[in-house]
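Q: First, the structure itself, so that you have it in front of you.
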Amino acid sequence: GEPNELDIYSYIANIIAQQCPWVTVRCHSPVPPTHCDIELWDSHWPVSERILAADLVIGAGNYGTVHLCQRLKIPLIAFPWSRPDNLQRKRLEKIADIDEAAVKIVTSAEEALCHTFDFLNQGIEKSLFSPQKRWQNLHRTDELDDINGIKVGLRLIEETLANKWDQVAQTAMTQDINRLRQSQYPSKQT
């Protein structure tokens, strides 16, 4: 996008990271944003590979982002940027008419932050950040051989711990996971 657009996204990323330290935030762009903490920046391409792990996307109304989020059922907070021959606002309004919760159309960083904090509050109240949410995205054949789901469950819990919980909760849950592993696989060291 345009440099001023990247400034808005980096501002949003900084605010979310500062006010919600338990949330993993990444600002994706080919070059480091000028006003973004460097540890929040990610230049991985294609971004679609990273979206698979997202609980929420803040982006533009471009075709790829909108339809990927819609297909993966990941809420999108979107800016309808002006582009030649790209009808971002129409695209976003069409999706919002079908499913109001799927996309929030915003025109300012403050509005995007407001929707983000609403989403985070609802997620905590409704346990939206649970490992089960990711079950539909699993396509690993080694995990499909795991009939009772222990390997999948342990991996999802570990990912959740690493990305979502504070240090105290992570320590407590790590101990629980180690006890579970020892009870399931007593001959193996953990």
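Q: Given H placed 1.01 Å from N in the peptide plane, which residues other than close sequence neighbours of His28 have an amide H under 5 Å from its amide H?
A: Asp42
Q: Now a separate question. Going by amide H atoms built from the backbone, whose H comes under 5 Å of the H on Val103, apart from near neighbours?
A: The answer is Leu76.
Q: Starting from the Cα of Asn4, step 7 Å along the direction of its Cβ; do the same at Cys114; then give the gap between the two resulting points in nm.
A: 2.1
Q: Taking a probe of 1.4 Å, how large is the accessible area per residue of segment 1-66, in Å²?
A: Accessible area per residue: 57 Å².
Q: If packing is taken as the average number of other Cβ atoms within 10 Å across a peptide's residues, how do 82-89, 7-14, 19-26 rank, most packed first?
A: The packing order, highest mean first, is 7-14, 19-26, 82-89.
Q: Another question about this same structure. Can you tell me what share of the DSSP beta bridges in segment 1-128 is antiparallel? A percent to the nearest 5 is fine.
A: Given both bridge residues lie in segment 1-128, the antiparallel proportion sits at roughly 10 percent.
Q: Still on this model: Can you pull out the trypsin sites (Lys or Arg not before Pro) in segment 35-76 whose DSSP state is coil and whose Cβ has at most 12 other Cβ atoms within 10 Å?
A: Filter output for segment 35-76: Lys73.
The values are calculated or read from the model by the stated rules, or taken from the named source; none is laboratory data. Predicted, not measured: the structure shown is a model, and the values here were computed from it. Cβ atoms come from the backbone with ideal geometry, glycine included; neighbour counts cover every protein chain shown. Protein only, heavy atoms only, side chains kept; ligands, DNA and RNA dropped before computing areas. Shrake-Rupley method; radii C 1.70, N 1.55, O 1.52, S 1.80 Å.
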